[in-house]
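The values are calculated or read from the model by the stated rules, or taken from the named source; none is laboratory data. Quantities reported herein were computed from a predicted structural model and do not represent experimental measurements. Cβ sites come from the backbone with ideal geometry, for glycine too, and all protein chains shown count toward neighbours.
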Amino acid sequence: MRASYLTAYGGNEVVSSGELPDPVLSEGTSLIEIKAAGVNPVEPAMRAGGFQRVLPYSFPQVPGFDISGVVREVSGPSQFKAGDEVYARMANRAPGAYAERAVVANDLLAKKPTKISHIEAASLPTVALTTWQAFFERANLKKGDRILIQAGAGGVGTFAIQLAKHFGAHVTATAGTANQAFLKELGVDVAVDYTKQRFEDFGPFDVVYDGVCGELVERCINTLAPGGRYVGLVMVSDARAFMSLGLPEAMAKGAAAGIAKYEALAASRGAEFHGPLTRPDANQLAEIAKLVDDGIIKPHVRQVFGLNQLKEAYEAVATGRTRGKLVLDTSKLV
Ligand SMILES: NC(=O)c1ccc[n+]([C@@H]2O[C@H](COP(=O)([O-])OP(=O)(O)OC[C@H]3O[C@@H](n4cnc5c(N)ncnc54)[C@H](OP(=O)(O)O)[C@@H]3O)[C@@H](O)[C@H]2O)c1
């Protein structure tokens, strides 16, 4: 099959494109003809070896987690049969989205939203699951909560704004000057231009959903109202997140030692700190597909690349300036 793959850990020079052997079906999996694959900003960091201790690659490694496609063969019990259209978040330990075919565990497959294209469906799994799990498994987002969404114009933010509005939250989101009108289009109540304004001036917030982190973490925690919940996505994973990747508790606590200061700061304010990592979940994807088909959530795909253009896609996503999502059309070579 044609694929884009990595030959080693490193920079973009380790990204190749060409023929690889077809994946082999095993019990409890399905062979998926991939139509489109979504790109996520964590992948250049994974390519560079940043996650090799917890999520080791085996080369040649096809990366990528988000797919939309058609079931071609099924082994073992599954709710789907050959010909069904599905979308999925592939397992953290078994990526392989940038190829014509992949073998995926049957219990990770969800029915693709019917009213959108494969390109649009492939843009959703990671950002949608990340947000669903952050809102409902961590922050316990409720109607009327005041939420601050950092990086509102990015892949996660565009989904998060729409989901938070749907569940009745009051939404403040940040972006640069060029994305202010886009934030409004997405439905925010308050758009904050972080190049000119301080988000603290629009608080306090019941929930902060932070897709930027770094020097913003402490500032975000300090804007929480008593009882508030902070959920950070970038390099602030907590022990619960590492345990969800299969690390034993003692190792998970060790891996999360760096965020103890944030947990203490949040606790001192009567608030909570959360640092989750995305987990595949087909039931949640099925719920999300219903919201998409009901027109409540609209995917925002900024740019489509060919299957052989993973290098270009990684260059684009690494700028940190993407509006919405980047997707590879796996049926196209450019
Ligand atoms: N923990 C997890 O499991 C998990 C899951 C998903 C994502 N993540 C991480 O979460 C982060 C966000 O993901 P994403 O997919 O949304 O990334 P993305 O699409 O690459 O985000 C790009 C957006 O970030 C905005 N941005 C950059 N700096 C900003 C700042 N200082 N303040 C506000 N907005 C800023 C940009 O808007 P402007 O151009 O207007 O600045 C741009 O629209 C990434 O680092 C990703 O790796 C983690």
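Taking the range 1-52 as the region of interest, the strands (runs of 3 or more DSSP E) fully inside it that hold 2 or more residues being crowded, with 20+ Cβ neighbours inside 10 Å and among the hydrophobic types (A, V, I, L, M, F, W, C) are 2-6, 29-39. I'd like to know if the range 236-252 contains one or more residues that are surrounded by fewer than 20 Cβ atoms within 10 Å (Cβ to Cβ), touching a residue at least 12 places away in the same chain (Cβ under 8 Å), away from the ligand (no atom under 15 Å from the Cβ) and not in a loop (DSSP other than H, G, I, E, B). No, because not a single residue in the range 236-252 is surrounded by fewer than 20 Cβ atoms within 10 Å (Cβ to Cβ), touching a residue at least 12 places away in the same chain (Cβ under 8 Å), away from the ligand (no atom under 15 Å from the Cβ) and not in a loop (DSSP other than H, G, I, E, B). Among the residues of the range 103-137, the one identified as within 16 Å of the ligand (Cβ to nearest atom), hydrophobic (A, V, I, L, M, F, W, C) and not in a helix (DSSP H, G or I) is LEU124.
Considering only residues in the range 281-309 that are under 14 Å from the mean Cα position of the chain (by Cα), within 16 Å of SER123 (Cβ to Cβ) and assigned to a loop (DSSP other than H, G, I, E, B), the one that is farthest from the ligand (Cβ to nearest atom) turns out to be PRO299.
Filtering the range 166-197 to residues that are in contact (Cβ under 8 Å) with a residue 24 or more places away in the chain, in a helix (DSSP H, G or I) and either β-branched (Val, Ile, Thr) or more than 8 Å from the ligand (Cβ to nearest atom) (or both) leaves HIS166, PHE182, LEU183, LEU186. Reported count of residues in the range 293-324, each being farther than 17 Å from PRO44 by Cβ and in contact with a helix residue (DSSP H, G or I) (Cβ under 8 Å, 6 or more places away or on another chain), is 9.
Mind listing whichever residues of the range 150-172 are under 19 Å from VAL301 (Cα atoms), out of contact with any Lys or Arg (no Cβ under 8 Å at 6 or more places or on another chain) and of a type in the set (Gly, Ala, Ser)? ALA151, GLY152, GLY157, ALA160, listed by residue number. Pairs are defined by a Cβ separation below 7 Å, a sequence spacing of at least 6 or placement on different chains, a first member in the range 1-30 that is more than 10 Å from ARG47 (Cβ to Cβ), and a second member that is of a type in the set (Val, Ile, Thr) and surrounded by fewer than 13 Cβ atoms within 10 Å (Cβ to Cβ); the pairs so defined are SER16/THR7. Of the residues examined, GLN79 is not one that is of a type in the set (S, T, N, Q), exposed (fewer than 14 other Cβ atoms within 10 Å of the Cβ) and either part of a loop (DSSP other than H, G, I, E, B) or in the same structural domain as MET235 (by TED's automatic domain parsing) (or both). Of everything in the range 136-159 that's closer than 19 Å to PRO204 by Cβ and among the hydrophobic types (A, V, I, L, M, F, W, C), which residue is surrounded by the most Cβ atoms within 10 Å (Cβ to Cβ)? So the residue we want is ILE149. For the range 53-76, the tally of residues that are more than 24 Å from ALA289 (Cβ to Cβ) and not in a loop (DSSP other than H, G, I, E, B) stands at 1.
If only residues of the range 168-213 that are more than 23 Å from the chain's Cα centre (by Cα) and of a type in the set (Lys, Arg) are counted, the one that is surrounded by the most Cβ atoms within 10 Å (Cβ to Cβ) is ARG198.
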